[in-house]
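*Asks:* My questions will all concern the structure given below.
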Amino acid sequence: MLFPRIEKTQPCEWEFDTREPPKIVIFEGFDYARFLLIPNEDNPKRCILEYRILEKQTISPTLTRYRIHAPFVARKAQPGNFVIIRVNDSGERIPLTICESDPASGTVVLIVQAIGKTTKLMATLCAGGSLADVVGPLGKPTEIVSDQSVACIGGGVGTAELYPIAKALYKAGNRLSTIIGARTKELIILREEMAALSHELIITTDDGSAGRTGLVTDALRNLLGGSSDISTVYAIGPLPMMKAVAELTRGFGTKTFVSLNAVMVDGTGMCGGCRVTIGGTMKFACVDGPEFDAHQVDFDEIMLRNRTYREMELLSDGLFERGQACAAQEATS
């Protein structure tokens, strides 16, 4: 169906007649990004921007892949960028790294691990549903080297964040040695995709259910201590893993980048929640990062700061789980 096109420089002043079909609108203030406008049931004369979930794929019991219609984000996204999302109008804002972007279709791919209230709430959405907000792309793009031997280290869902970086490194003529690690085989993701970009791919699991038994640092130590001429390491995963990688590569004098998953609210440098110490200087992970020289990061400080709201997070998660259990019981009674 072809919708009429409307041009306005003040989108907040544009009124919407609910008797008409949805429209494609161009907002000059948003770099001519195209959005699908739908009626706001609470106020028929206002319109809302819809970030529709076009595809949802369950990877494991806690990991889900979403393809989301967000054309402005898709048009500008670069490796290393992230978005801030809200599941609904009353929800919290959380940062999620862009795994893939397609400007032609106006879509981005997010791989999300359901480990807290908001990510678990997002997991209840289905294809055809929508998110309240998808803001981005945010953060500085990754520094991509060229024509070198590099190591890419992904831990758990960090592999999703590493994937667009690995693609850019591959296109820049680098030789990739990739290590993917997780607690168990069910949490290994993007194995085939990363293998297609890598000269060699090593899988490690804590329990030995896939690949080598052990940690990613065990495999990385073998690479750096062998005959490889790896000049740069890109590591993304849990903070303890990235700290261990940084300590290992420091001894070899190998340049290392890590992506810091700090506490974050607005993603634009205003709240200060994501401040980190880099080389003795305060930086904001959202606007100065999220990637930094691993050998300059104060990992102990950021791990301590990330535990600031732990009790509140557990309380919120517990209330959500109880609410879901009550709803399921009512549905079957």
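The values are calculated or read from the model by the stated rules, or taken from the named source; none is laboratory data. Computed from a prediction, not measured in an experiment: that's the story for all the values here. Heads up, the Cβs are rebuilt from the backbone with ideal geometry, glycines too, and the neighbour counts pull from every protein chain shown.
*Asks:* Note down all Cβ pairs under 9 Å where the first residue falls in the range 93-107 and is touching a residue at least 40 places away in the same chain (Cβ under 8 Å), the second is acidic (Asp, Glu), and they're at least six residues apart or on different chains.
*Replies:* Filtered contacts from the range 93-107: ARG93/ASP133; ARG93/ASP266; THR97/GLU161; ILE98/GLU161; CYS99/GLU161; THR107/GLU55; THR107/GLU100.
*Asks:* Does the range 214-229 include one or more residues that are surrounded by fewer than 24 Cβ atoms within 10 Å (Cβ to Cβ), closer than 23 Å to GLU247 by Cβ and in contact with a Lys or Arg (Cβ under 8 Å, 6 or more places away or on another chain)?
*Replies:* So far as the range 214-229 goes, yes, one or more of its residues are surrounded by fewer than 24 Cβ atoms within 10 Å (Cβ to Cβ), closer than 23 Å to GLU247 by Cβ and in contact with a Lys or Arg (Cβ under 8 Å, 6 or more places away or on another chain).
*Asks:* Ok, one more. Of the residues in the range 75-98, how many are under 24 Å from PHE257 (Cβ atoms) and crowded, with 18+ Cβ neighbours inside 10 Å?
*Replies:* So the count comes out to 12.
*Asks:* What single numbered condition from (1) under 21 Å from GLY237 (Cα atoms); (2) in contact (Cβ under 8 Å) with a residue 24 or more places away in the chain fails to hold for THR58?
*Replies:* Only one criterion is unmet by THR58, namely (2).
*Asks:* Another question about this same structure. May I ask you to say which residue of SER130, SER101 is farther than 30 Å from PHE292 by Cα and crowded, with 17+ Cβ neighbours inside 10 Å? Give the derivation first.
*Replies:* Values: SER101 fails: farther than 30 Å from PHE292 by Cα.
That would be SER130, the only listed residue that is farther than 30 Å from PHE292 by Cα and crowded, with 17+ Cβ neighbours inside 10 Å.
*Asks:* Between residues in the range 213-226 that are closer than 17 Å to GLY155 by Cα and residues that are at pLDDT below 90 and surrounded by fewer than 13 Cβ atoms within 10 Å (Cβ to Cβ), which pairs lie under 9 Å by C-beta distance while being six or more apart or on different chains?
*Replies:* Hits for this filter: THR213/ASP207; GLY214/GLY208.
*Asks:* Restricting attention to the range 254-284, report how many residues are touching a Lys or Arg at 6+ places or on another chain (Cβ under 6 Å) and basic (Lys, Arg).
*Replies:* Looking only at that region, the number is 0.
*Asks:* So in the range 54-69, with the set limited to residues that are of a type in the set (A, V, I, L, M) and at pLDDT below 90, which one is farthest from GLN113 (Cα to Cα)? Step through it out loud before you land on a result.
*Replies:* Our first condition is that a residue be of a type in the set (A, V, I, L, M); within the range 54-69, this holds for 54, 59, 63, 68.
Of the ones still in play, those that are also at pLDDT below 90 are 59, 63.
On the way: ILE59: 10, LEU63: 5 Å.
Per the criteria, the residue is ILE59.
*Asks:* Hey, another quick one. Quick check: anything in the range 188-203 farther than 30 Å from GLY269 by Cα, in contact (Cβ under 8 Å) with a residue 24 or more places away in the chain and of a type in the set (Lys, Arg)?
*Replies:* no
*Asks:* Any residue in the range 69-80 that is of a type in the set (D, E, K, R) sitting within a Cβ distance under 9 Å of a residue that is in a loop (DSSP other than H, G, I, E, B)? List the pairs, counting only those 6 or more apart or interchain.
*Replies:* ARG75/ASP31; ARG75/PRO103; ARG75/GLY106; LYS76/ASP31; LYS76/PRO103
*Asks:* Looking at this structure, is VAL135 crowded, with 22+ Cβ neighbours inside 10 Å, among the aliphatic types (A, V, I, L, M) and part of a strand (DSSP E or B)?
*Replies:* Numbers: crowded, with 22+ Cβ neighbours inside 10 Å: no; among the aliphatic types (A, V, I, L, M): yes; part of a strand (DSSP E or B): yes.
So VAL135 fails the test.
*Asks:* Select from the range 178-197 the residues that are farther than 16 Å from THR142 by Cβ, surrounded by fewer than 23 Cβ atoms within 10 Å (Cβ to Cβ) and more than 18 Å from the chain's Cα centre (by Cα) and list them in ascending order.
*Replies:* ARG183, THR184, LYS185, GLU186, GLU192, ALA195, ALA196
*Asks:* Could you check, for the range 167-183, whether at least one of its residues is in contact (Cβ under 8 Å) with a residue 60 or more places away in the chain and aliphatic (A, V, I, L, M)?
*Replies:* Here is the first cut: in the range 167-183, the residues in contact (Cβ under 8 Å) with a residue 60 or more places away in the chain are 167-169, 181.
With the extra rule that they be aliphatic (A, V, I, L, M), the set shrinks to 168-169.
Yes.
*Asks:* Among the residues of the range 110-145, write down those that are of a type in the set (Gly, Ala, Ser) and over 13 Å from ASN81 (Cβ atoms).
*Replies:* Matches in the range 110-145: ALA114, GLY116, ALA123, ALA127, GLY128, GLY129, SER130, ALA132.
*Asks:* In addition: Inspect the range 89-102 for any residue being acidic (Asp, Glu), within 19 Å of ILE59 (Cα to Cα) and modelled with pLDDT of 85 or more and give the result as yes or no.
*Replies:* Here is the first cut: in the range 89-102, the residues acidic (Asp, Glu) are 89, 92, 100, 102.
When the remaining residues are screened for being within 19 Å of ILE59 (Cα to Cα), the result is 100.
Next, from what is left, pick out any that are modelled with pLDDT of 85 or more: 100.
Among the residues of the range 89-102, at least one is acidic (Asp, Glu), within 19 Å of ILE59 (Cα to Cα) and modelled with pLDDT of 85 or more, which makes the answer yes.
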